[in-house]
Amino acid sequence: MSIVRIALDVPLPRLFDYRVADGTAADRGRRAAVPFGSGEKIGLVLGVAAESDQPPEKLKTGSVLRDMPALPDDWIELCEFCARYYQYPLGQVIGFALPPMLRRGKLPRRPKEKPSPAVAPPALPDLLEEQQAAVAAIGAATGFETFLLHGVTGSGKTEVYLRAIDAVLAAGGQALMLVPEIALTPQLEGRVRNRFPGRHIVSAHSGLAEAARARSFLDALEGRADIVLGTRLSVFMPMPRLKLIVVDEEHDPSFKQQDGLRYSARDVAVFRAKQVGVPIVLGSATPSLESFHHGTSGRYRLLPLTRRAVAETLPEVRTVDTRKEKLQDGLSADLIAAIGERLARREQSLVFLNRRGYAPVLACPACGWISHCRRCAANLVVHLADKRLRCHHCGLEAAIPKACPDCGNLDIQPFGRGTQRLEAALQERFPEARVLRIDRDSANSPTKWQALLAAIHAGEADVLVGTQMLAKGHDFPLLTLVGVVGADAALFAADFRAPERLFAQLMQVGGRSGRAELPGEVLIQTEYPDHPLYRALTDHDYAAFAATQLADRESAGFPPFAFQALLRAEAKEMATSLAFLAEAKAEGLALAGPQVSLYDPVPMRLFRLMNLERGQLLVESPHRPALQVFLTSWSERLRALKAPRDLRWHLDVDPLEF
Ligand code: ADP
Ligand code: ZN
Ligand code: ZN
């Protein structure tokens, strides 16, 4: 009999001791089945102990599962890092990092080995000078180094990743490539598979069937996979021969998980590269200000790609001043004319509006009633396509009422504009045109999304109306015009990251136009044509934008010049949430050194969600280690606080959403 220490997927920051018949030190990293409460749980063995703090008669007996290789130390240490850094119980980090099937103690069946098709590798383009320099720099790294590959869409970043990966595979290593969205993986996967025929490439994202995901994990763990390609969760793929990490679109907010383990896959990837001593390449047309700051201060090595690889010229970006004209259905005369020209030339246009639905709210002009969600502090959005009102936060649905529920007025109206309304307006204005809307409603499954993309590629659409879904990573060879409407609100949003996001989105969506032989044009409708953000866009000057933003952030003491964590609490009543936060603050003040500041508890902007009222408390420090030390002892105190029954709280380290 021996005693093993086991991490279990339960919300307690401790390990559990069990007796097993034949435990050895080699069992570290293996799964074990153990009795817990009235049932059984699968956990991970983290060590074998000579004795336990528990009295021997209290120790229950479990069994070690030895049907797959043990997870290696570096993988366990990665989980330990996340547990420490994100203040999340280690057992739950491990539970999250393991694919669900393995977490339940099962194993996937092995598929029959398919012989990889014998394809001649494709002919490679000659690299441009800057691409060559980037590939050489990455290849020359002898250990951990962070590279920031900064280049506009079409500047050949992916080509650089592929060359760097090629070199790593040739030397017998494994490469990990992270991309922001599941929707993007099929296209990229195709490109990677074409480039490396005969190599074993596995994907990992939450859209995979359970068995497939578990198989990818085992292929990576057992060293069979040469390349792992996936979304944020693939940063937890065990890779014994890992020699290179690539994070594409490193600025993308979807690398940060917004529930449970609130990790940033980009930041964890950088930690992991450091941990195993390998280079990491962060790529973007619009790096996060955090990464760009590191790039210019020398902590990361900046690798610029300043021109497009194929189309010689960048699209011409212009603002259209909408203060001086009466818009027609939200469209300016310039934009309408530009779309008309594209139709005549049989080219595609895209009108970008980052708001889905028909209109953001239904309102009664007589009494002032508006369509509220009864569960959230938000309005119900009008979806005329299926005649419903819908809450975009909690999913609540209702029929569109025929009359005002308060005063009976029959003339209630949708206010504002979403993609459906824009689609209808464009169709009315251009009756001959094939108008196609692309947003989370029209592309609500991978199959529909692929079908829409195929239709665009086949030239079966003339005018596209879409949200940021369309902005990402797709080549539309016939697209020569991008119109941007309704973007101004983000200029003045309360969230200090809103301008950064807007700039990235508009760069990205603008980058969709004119990728092939046809030059592109971007028209931004705005009431603030002289705003520095739009100026930087029309000048294609990310660096100027970043410089002004970073100066603002520095004087305001915002990231990357400070490090933040949020304590959020939710309960049936706001008073309960705020009282808990006030108590938490009092505990915190007793622990905080001079380098850590605690702000006052405040209601969150979306202060009610699904009938829960939410508050938050911001903690800040100019020093990351000081914040870490504080958070560790503070979270221990918080767990010891007697919180009311209906109250839930969590910590969000390096929060992106406020
Ligand atoms: P990004 O990832 O920056 O958007 P890609 O690597 O996808 O850029 O390159 C854009 C297009 O240009 C792709 O079709 C790619 O095959 C092509 N390309 C990249 N580098 C070169 C090059 N040096 N010469 C010719 N074509 C290139
Ligand atoms: Zn009314
Ligand atoms: Zn709601």
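Considering the range 82-108, and only residues there that are among the hydrophobic types (A, V, I, L, M, F, W, C) and in a loop (DSSP other than H, G, I, E, B), the residue that is farthest from the chain's Cα centre (by Cα) turns out to be 107.
Taking into account only those residues within the range 219-230 that are open to solvent by less than 10 Å² (accessible area, probe 1.4 Å) and either touching a helix residue (DSSP H, G or I) at 6+ places or on another chain (Cβ under 6 Å) or of a type outside the set (Gly, Ala, Ser) (or both), which is nearest to ligand 1 (Cβ to nearest atom)?
So in the range 219-230, the residues open to solvent by less than 10 Å² (accessible area, probe 1.4 Å) come out as 220, 225, 227-230.
From what is left, the residues that are either touching a helix residue (DSSP H, G or I) at 6+ places or on another chain (Cβ under 6 Å) or of a type outside the set (Gly, Ala, Ser) (or both) are 225, 227-229.
On the way: 225: 23, 227: 16, 228: 19, 229: 14 Å.
Among those that are open to solvent by less than 10 Å² (accessible area, probe 1.4 Å) and either touching a helix residue (DSSP H, G or I) at 6+ places or on another chain (Cβ under 6 Å) or of a type outside the set (Gly, Ala, Ser) (or both), it is 229.
On the stretch given as the range 70-93, residues that are in contact with a helix residue (DSSP H, G or I) (Cβ under 6 Å, 6 or more places away or on another chain) and under 13 Å from residue 12 (Cβ atoms) total 3. Considering the range 168-195, the residues that are without any contact (Cβ under 8 Å) to a residue 60 or more places away in the chain and touching a strand residue (DSSP E or B) at 6+ places or on another chain (Cβ under 8 Å) include one that is farthest from residue 135 (Cα to Cα), namely 185. Across the range 349-381, the qualifying residues are those that are in contact with a helix residue (DSSP H, G or I) (Cβ under 8 Å, 6 or more places away or on another chain) and open to solvent by 10 Å² or more (accessible area, probe 1.4 Å), and the one among them that is nearest to ligand 1 (Cβ to nearest atom) is 354.
Here's the yes/no breakdown for (1) within 11 Å of ligand 1 (Cβ to nearest atom); (2) in a loop (DSSP other than H, G, I, E, B); (3) modelled with pLDDT of 95 or more:
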site: 110; (1), (2), (3): no, yes, no
site: 123; (1), (2), (3): yes, yes, no
site: 130; (1), (2), (3): yes, no, yes
site: 133; (1), (2), (3): no, no, yes
site: 138; (1), (2), (3): no, no, yes
site: 149; (1), (2), (3): yes, no, yes
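Look at residue 568 and say whether it is assigned to a helix (DSSP H, G or I), touching a residue at least 12 places away in the same chain (Cβ under 8 Å) and under 21 Å from residue 496 (Cβ atoms). It is false that residue 568 is assigned to a helix (DSSP H, G or I), touching a residue at least 12 places away in the same chain (Cβ under 8 Å) and under 21 Å from residue 496 (Cβ atoms). Answer yes or no: is there a residue in the range 434-451 that is within 16 Å of ligand 3 (Cβ to nearest atom), assigned to a loop (DSSP other than H, G, I, E, B) and among the hydroxyl-bearing types (Ser, Thr, Tyr). No: zero hits.
The residues listed here are 389, 353, 396; of these, the one that is away from ligand 3 (no atom under 15 Å from the Cβ) and either closer than 25 Å to residue 464 by Cα or of a type in the set (A, V, I, L, M, F, W, C) (or both) is 353.
Just so you know, in the range 382-402 the residues that are open to solvent by less than 30 Å² (accessible area, probe 1.4 Å) and within 17 Å of residue 363 (Cβ to Cβ) include one that is nearest to the chain's Cα centre (by Cα), and it is 391.
The values are calculated or read from the model by the stated rules, or taken from the named source; none is laboratory data. Every value quoted in this text rests on a predicted model; they were computed, and no experiment measured them. Backbone-built Cβ (ideal geometry, glycine too); neighbour counts: all protein chains shown. Ligands, DNA and RNA are excluded from the accessible area calculation, which covers all protein heavy atoms including side chains. Shrake-Rupley method; radii C 1.70, N 1.55, O 1.52, S 1.80 Å.
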